[in-house]
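Take a look at the structure set out below.
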């Protein structure tokens with residue numbers, strides 16, 4: 001018991017504080033988003049943050065070697081859950097991605113992102129790739145990436161599927177696979193692009209086209225992105241004030257407590273608000289980055305660290321980019337800020353792993 | 001070990017590249033935020049503002065028009081109107097279709113919607129239905145949650161309390177045809193009558209309200225409001241009951257009734273028949289209705305009391321008589337033998353009484369309306385002098401009454417004839433003129449002004465708007481002459497052989513008046529010469545008009561009245577009895593000296 005207490009004291013409390021603070025920002029925004037409505041969303045979010053923080057601490061106290069050892073098993077469980085969710089799950093927002101496990105509804109695709117990172121890290125840590133002939137081994141990790149990718153794609157959840165693909169590529173990249181591989185991959189992608197485009201659903205194509213010219217259909221596919229940009233832009237430097245955002249509160253802004261929460265932040269807290277949140281995200285990213293890179297002894301830890309922080313950072317940036325009109329609207333939440341349990345808890349698990357890496361270095 | 005170190009180095013290098021790309025992405029996001037929130041702040045600020053705020057123009061309530069005793073004769077009534085948010089206008093067709101089960105849209109309503117759609121004004125609402133009935137309103141309230149972008153408003157619209165009675169004098173309101181003030185496209189302005197002349201005061205000042213609406217168009221709250229300022233209430237000299245009485249009397253005839261207050265010049269009654277219902281104009285009149293009125297046989301849109309031109313007939317003899325006394329120093333006792341006709345040049349001029357009046361002096365000539373007496377006078381009258389003299393009784397001159405579209409009539413003289421008929425004046429025409437026939441044309445208002453001026457000796461001017469009492473200038477006429485004329489008018493009504501004896505007042509008050517017969521056609525002159533046709537023997541439209549003008553009480557004039565009954569023959573038959581009834585009513589109820 002005292003051992004756990006000692007380990008508990010060794011935790012990186014600065015990081016814990018920053019993560020909690022960002023969750024608090026999310027809570028503040030969700031309070032505003034549901035202001036005047038019923039407060040169940042706010043209470044539910046608050047309890048999920050508490051739960052998430054507890055899970056994060058719990059994960060941070062577990063031994064990473066245990067996770068590494070059973071990585072493939074975890075991955076298998078994750079894939080089974082994903083299959084169940086994809087084919088037998090609960091339908092919501094036009095896609096089948098939730099699973100009800102004894103009253104607890106969660107989204108296996110959020111968890112699988114971390115499992116993909118861990119499994120790939122384990123693979124590349126054990127298999128050393130030197131010569132061209134070794135590329136035959138890449139079949140397994142590619143399979144590890146593509147199976148969840150396709151499972152998520154058919155839900156359909158293009159955003160999360162792309163993130164899985166992106167994370168796989170990042171692990172490939174930092175594991176030292178030669179530039180030639182990425183060159184070939186790029187060529188492949190360029191040539192297959194027309195086919196990929198053709199396989200996209202019409203509304204997905206529209207969303208991408210809308211990005212280049214939102215005014216072409218201001219009341220249709222362009223509506224959300226125009227209203228979101230108006231919300232952010234009208235916030236100016238200081239914003240309209242907490243709970244005072246007219247775009248948000250008069251329902252011009254869609255999904256204001258989930259995917260578009262950053263727009264509401266921009267409207268109510270202005271440029272100072274958005275820049276502060278970006279600063280916080282960058283600070284968290286930088287801190288975890290330095291933790292991962294300091295862990296020189298263990299490539300597995302490093303790869304897991306970079307992978308997890310990439311997951312967090314890129315999803316954050318994709319979310320912000322889509323609400324301000326840099327990327328198409330793909331339906332990704334802002335990590336730790338948006339309302340949505342599974343996503344938030346999976347990020348807490350991720351940060352738990354980072355904290356565990358940090359703790360293991362101090363031992 | 002070497003390999004491990006190498007791998008670790010690779011890993012660190014790749015991680016550095018990864019970190020750099022992350023910084024780049026962060027930079028892009030921040031730049032876009034900087035662009036949106038700082039560089040384009042005003043653009044997006046405006047967009048956000050126009051997203052949420054909806055402007056509704058608040059139209060001012062039009063001022064009430066009151067009669068002399070503060071009874072409203074034009075007021076406003078509540079009108080519930082259905083409006084749609086302009087940004088949802090593409091749903092109008094579909095909305096109307098859905099509403100048709102509970103609200104009746106006439107073709108006229110639909111045409112109005114089309115017009116309103118074309119209007120460009122600041123308002124974010126378009127009216128799609130006016131005059132909602134209580135039933136429609138209730139049914140709509142039940143369904144209103146299906147139409148969050150529709151708004152019911154309570155407007156005040158013009159209502160004329162007494163149907164057709166005041167339509168000509170008050171006029172009506174409507175939309176401006178060419179609207180310079182686009183903001184107020186829906187504002188009704190006065191189109192004719194008092195409504196037009198006093199529009200500046202009646203119209204009021206518009207206001208607006210800024211509303212906050214959400215994305216579905218549901219109004220959340222009112223942000224700021226500038227209340228409209230209602231128009232001023234206007235008090236007129238009209239007397240509701242007298243006007244109504246006059247309209248009642250004119251129900252069966254086409255014609256006009258004018259009553260002036262001899263003390264103030266106030267117009268107590270300005271009636272014209274047939275009339276129209278100006279309430280129908282208040283809500284916008286349909287083309288069909290409009291054409292029906294325009295093409296009506298008897299032209300109900302014409303305000304006969306100020307724009308109907310009639311020969312004054314024998315009522316004009318009062319002016320000739322005054323002229324003869326004042327300007328020709330006529331011996332009033334001199335008698336002339338009327339034989340029923342008079343030869344002048346190569347033409348024979350007939351008296352209305354075939355067998356003649358025998359010996360008559362001036363008073364008798366007026367009392368019995370003897371034409372021959374005046375023909376005789378005319379022989380030594382210069383038309384230019386008479387014309388000039390007549391003008392001080394408003395003949396040929398607009399009275400400048402305070403409503404639009406008044407006509408001035410014609411008081412002929414030599415230069416008038418040269419200009420308009422390209423001919424020189426024939427002396428025979430003077431004979432026609434002195435008995436109020438021929439070229440001379442006047443409005444009922446002008447004849448009333450003549451009577452009022454004779455009755456008071458003052459240059460009275462008419463006004464519909466109640467203004468401070470003003471002293472009217474004395475006319476340059478001797479009391480002797482005026483009294484003589486008044487006395488002869490008295491005998492017209494109160495002496496046994498006066499032409500209007502049958503219409504004498506049955507009350508204690510006495511009236512003084514003059515009958516007249518206004519000839520409709522030129523040829524009736526020749527017919528008169530060749531032996532007269534009886535009025536009932538000719539076509540209605542060619543029959544003479546019945547004219548009567550009078551004032552009362554005789555010794556202290558209050559009311560001056562003129563009645564014209566079109567195509568009803570001599571003045572004594574129809575016009576005088578109507579005047580008697582209206583005057584009796586007025587004297588009984590409204591004889592209040594200032």
(message) Name the single residue that is nearest to the chain's Cα centre (by Cα) among those in segment B:482-516 being crowded, with 24+ Cβ neighbours inside 10 Å and in a loop (DSSP other than H, G, I, E, B).
(response) B:511
(request) Return a yes/no flag: does segment A:103-121 have any residue that is assigned to a loop (DSSP other than H, G, I, E, B) and closer than 22 Å to residue A:44 by Cβ. (result) yes
(message) Tally up the residues in segment B:94-137 that are touching a residue at least 12 places away in the same chain (Cβ under 8 Å) and in a loop (DSSP other than H, G, I, E, B), please.
(response) 13
(request) Among what's in segment B:1-15 and is more than 7 Å from chain A (Cβ to nearest Cβ) and surrounded by 12 or more Cβ atoms within 10 Å (Cβ to Cβ), pick the residue that is nearest to residue B:212 (Cα to Cα). (result) B:13
(message) Among the listed residues A:55, A:77, identify the single one that is over 22 Å from residue A:260 (Cα atoms), surrounded by 13 or more Cβ atoms within 10 Å (Cβ to Cβ) and free of Cβ contacts under 8 Å to residues at least 24 places away in the same chain.
(response) A:77
(request) Report the residue count in segment B:539-574 for those that are farther than 24 Å from residue B:484 by Cα and not in a strand (DSSP E or B). (result) 13
(message) Name the residue that is surrounded by the fewest Cβ atoms within 10 Å (Cβ to Cβ), counting only residues in segment A:226-249 that are within 8 Å of another protein chain (Cβ to nearest Cβ) and outside any helix (DSSP H, G or I).
(response) A:237
(message) When you check residue B:88 against the structure, is it within 14 Å of chain A (Cβ to nearest Cβ), farther than 23 Å from residue B:187 by Cβ and touching a strand residue (DSSP E or B) at 6+ places or on another chain (Cβ under 7 Å), yes or no?
(response) no
(message) Please determine whether any residue of segment B:282-304 is touching a helix residue (DSSP H, G or I) at 6+ places or on another chain (Cβ under 8 Å), under 23 Å from residue B:400 (Cα atoms) and crowded, with 23+ Cβ neighbours inside 10 Å.
(response) yes
(request) Please indicate, with yes or no, whether at least one residue in segment A:310-322 is within 11 Å of chain B (Cβ to nearest Cβ) and either in contact with a strand residue (DSSP E or B) (Cβ under 7 Å, 6 or more places away or on another chain) or not in a helix (DSSP H, G or I) (or both). (result) no
(request) Please go through segment B:364-386 and pick out each residue that is surrounded by fewer than 20 Cβ atoms within 10 Å (Cβ to Cβ) and closer than 26 Å to residue B:445 by Cβ. (result) B:384, B:385
(request) Test residue A:100 against the criterion of being part of a helix (DSSP H, G or I) and more than 20 Å from the chain's Cα centre (by Cα), and give yes or no. (result) no
(message) As an exercise: evaluate residue A:355 against (1) at the interface with chain B (Cβ under 10 Å from one of its Cβ atoms); (2) in contact (Cβ under 8 Å) with a residue 60 or more places away in the chain and give the number of the one condition it does not meet.
(response) (1)
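Residue-wise test of (1) touching a helix residue (DSSP H, G or I) at 6+ places or on another chain (Cβ under 6 Å); (2) closer than 19 Å to residue A:168 by Cβ.
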residue: A:275; (1), (2): no, no
residue: A:280; (1), (2): yes, no
residue: A:287; (1), (2): yes, no
residue: A:290; (1), (2): no, no
residue: A:298; (1), (2): no, no
residue: A:310; (1), (2): yes, yes
residue: A:326; (1), (2): yes, no
residue: A:329; (1), (2): yes, no
(message) Here's a check for you: in segment B:23-32, which residue that is facing another protein chain (nearest Cβ under 8 Å) and within 20 Å of residue A:285 (Cα to Cα) is surrounded by the most Cβ atoms within 10 Å (Cβ to Cβ)?
(response) B:29
(request) Provide a single number: the residues in segment A:260-291 that are within 20 Å of residue A:352 (Cβ to Cβ) and surrounded by fewer than 23 Cβ atoms within 10 Å (Cβ to Cβ). (result) 8
(request) Might you check whether a residue that is over 30 Å from residue B:149 (Cβ atoms) and crowded, with 18+ Cβ neighbours inside 10 Å occurs anywhere in segment B:48-61? (result) no
(request) Scan segment A:278-306 for residues that are more than 10 Å from chain B (Cβ to nearest Cβ), within 23 Å of residue A:110 (Cβ to Cβ) and either under 20 Å from the mean Cα position of the chain (by Cα) or outside any helix (DSSP H, G or I) (or both) and report the count. (result) 7
(message) For segment A:134-156, check the following and say yes or no: at least one residue is within 14 Å of chain B (Cβ to nearest Cβ) and farther than 25 Å from residue A:63 by Cβ.
(response) yes
(request) Could you tell me which numbered condition residue A:259 fails, if it satisfies all but one of (1) away from chain B (no Cβ under 11 Å); (2) in a helix (DSSP H, G or I)? (result) (2)
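Coordinate-derived values only; no laboratory data. Given the structure is predicted, the values throughout are model-derived calculations rather than measurements. Cβ: placed from backbone, ideal geometry, glycine included. Neighbour counts: every protein chain shown.
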